[in-house]
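Peer 1: I'd like to ask some things about the structure below.
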Amino acid sequence: MILKPDFYDRFQCKAGACTNTCCKTWEIDIDDETALYYEQVPGALGDRIRQAMAFNEEGAYFGLNEAGFCPLLRKDGLCDIICGLGDEALCDICALHPRFFLDVQEHEFWGVGLCCEAAAELLTESEKPLTFVSEDPERTWTIEEILNDLGLPADKVQFDPARPDATFWQRLQKTEAVDDAWPGELSELLEAAPDLQLPAGLYYDRILTYFLYRLLELAEEVPFAELKNLAQDMTALVALMDVLHGKDLQHICRISEQVEYSTVNVDVLLSRLP
C-alpha cells in the first residue's frame, strides 16, 4: 500500500521563485542513460552541459562552480537544461528531488523532503493535524493509525515544548556540518537554549509528525522510542531557531538539511555510530 502526506499531490518546484535553491552545495550524480544523452545534445546548450560535466570512477556528475552552485543554474534561478530541453531532459536525481520513496514493512511511504521550502510551505499551511492518504484502499490516515498498522506504539503524536537533553546536544556536535555556516549556528543554539522557552501548538505537531513519518523506515532496526525522540528533538531545534530569530520556514529546511538528508548524521544522533 502506498501512503503519502495529504499535500503530496500539490507539490510543485518554485523554480526561480525559490529563495533556497537545491542546486547548490552538493555535486549532482548523472545516471548513465542521461549522461549519454547529454553527450549528444547539439549546439551551444550541449556545449555548456558537457563543460559542466565531470567524471570519476562512479560515472558522470555536475560539480559546483566557485560560488558553490550548479554551473547550469542561471542568474534568474532557473535551470539551463529545463529552459532549453524541458523537464524530461533532467537526470534522475534532479527529476526526483526532493521526493522520497521508503519501504516500510509492506507499505511504501512517499513524501517530499523538508529541505525544500516549497515542501515546508505545504506542510505548514494547514491549521489541521497532518494526515496521510492511500489510494488502494482509498482512505485518510492519521499518524497514530499508521503506527498502529505497523505494530508500533500509537500514543498521540504531539510536540512537547521541552529542550533537548544533554545527550542529544553531545551527539549533535559530532554530526557532519552541512556547510561552513552550521557550526556557528549550532554554537549559537547551544548558548541560547537554556534561557529559551519553546512554543507549542499544531504548527510544531505537524513538523514532528512529518519528521517521524520520514524516520519510520528505520523502525525495524531502531527502537521506536528512539525514533520518536529524534523527531521530537529535531522539531525542538526548529522551535529554538524560531524563538531565537523569529518564526521562519527556512528553519525547517535548515534542520532537514543537517539531519534528514544525512544518513550518517541520523546514525550519529541515534547512537548507531560512535
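We did not get these values from a lab; they are worked out from the coordinates using the rules stated. Given the structure is predicted, the values throughout are model-derived calculations rather than measurements. With ideal geometry, Cβ positions are generated from the backbone for all residues, glycine too; neighbour counts draw on all protein chains shown.
Peer 1: Do any GluC sites (Glu not before Pro) in region 191-274 lie in a DSSP loop with no more than 16 other beta carbon atoms within 10 Å, and if so, which?
Peer 2: Taking region 191-274 and a limit of 16 other Cβ atoms within 10 Å, the loop GluC sites (Glu not before Pro) found are 220, 221.
Peer 1: Under 10 Å, Cα contacts only: if you run a Gaussian network model on the chain, which one of 49, 143, 255 comes out with the highest mean-square fluctuation?
Peer 2: 49
Peer 1: Further question on the same structure: For a quick check: with amide H placed at 1.01 Å from N, whose amide H comes under 5 Å from residue 24's, ignoring anything fewer than 5 positions away on the same chain?
Peer 2: 70
Peer 1: Something else about it: When a/c reaches 1.5 or more, the comparison of a/b and b/c decides; with that in mind, is region 146-274 rounded, prolate or oblate per its Cα gyration tensor?
Peer 2: Note, shape of region 146-274 comes out oblate.
Peer 1: Taking just the alpha-carbon atoms of region 101-195, what radius of gyration and Dmax come out, in angstrom?
Peer 2: Radius of gyration, then largest Cα-Cα span, for region 101-195: 17.5, 49 Å.
Peer 1: Add -39500 (n - 2.57) for each DSSP H run of 4 or more in the chain, then divide by its residues: what number comes out at 222 nm, to the nearest 500 deg cm²/dmol?
Peer 2: After summing the helix terms and dividing by residue count, I get -12000 deg cm²/dmol.
Peer 1: Charges on Cβ only, +1 for Lys and Arg, -1 for Asp and Glu, centred on the Cα centroid of the chain; of 198, 130, 210, which one is farthest towards the dipole's positive end?
Peer 2: Farthest along the dipole direction, towards plus: 198.
Peer 1: Another question, then. Rank-order 133-139, 206-212 by packing density, defined as the average count of other C-beta atoms within 10 Å over each peptide's residues, highest first.
Peer 2: Those peptides, ordered most packed to least, come out 206-212, 133-139.
Peer 1: Further question: Which shape class, rounded, prolate or oblate, goes with region 1-52 when its Cα gyration tensor gives a ≥ b ≥ c as root eigenvalues, a/c under 1.5 marks rounded, and past that a/b bigger than b/c marks prolate?
Peer 2: It comes out prolate by the Cα gyration axes.
Peer 1: Treating only the Cβ of Lys, Arg, Asp and Glu as charged (+1, +1, -1, -1), what charge dipole size does the chain show about its Cα centre? Round to the nearest 20 debye.
Peer 2: Taking the Cα centre of the chain as origin, the dipole is about 740 debye.
Peer 1: Let me ask something else about it. Running a GNM on the chain with Cα contacts under 10 Å, which residue among 160, 180, 242 ends up with the highest mean-square fluctuation?
Peer 2: Top of the fluctuation ranking is 180.
Peer 1: Please build a GNM for the chain, connecting alpha carbons under 10 Å apart, and tell me which residue among 73, 36, 240 fluctuates the most.
Peer 2: Maximum fluctuation in the GNM of the chain, among the listed residues, is at 36.
Peer 1: Once you measure Cβ to Cβ distances between cysteines in the chain, which Cys have no partner under 4.7 Å?
Peer 2: So, 13, 18, 22, 79, 83, 91, 94, 115, 116, 253.
Peer 1: Using Cα atoms only, what is the angle between the long axis of helix 182-192 and the major principal axis of the chain, expressed in degrees (0 to 90) to the nearest 10?
Peer 2: For 182-192 against the chain, the angle is about 20 degrees.
Peer 1: Of the listed peptides 161-169, 113-121, 264-272, what is their order by residue-averaged count of other C-beta atoms within 10 Å, with the highest listed first? Mind dumping the intermediate values first?
Peer 2: Numbers: 161-169: 14.1, 113-121: 22.1, 264-272: 17.0.
Top to bottom by mean Cβ count within 10 Å: 113-121, 264-272, 161-169.
Peer 1: By the gyration tensor of its Cα atoms, with a ≥ b ≥ c the square roots of the eigenvalues, what is the shape of region 23-96: rounded for a/c under 1.5, prolate for a/b over b/c, or oblate?
Peer 2: Details: a/c = 1.34, a/b = 1.04, b/c = 1.29.
It is rounded, given that a/c, with a ≥ b ≥ c, falls under 1.5.
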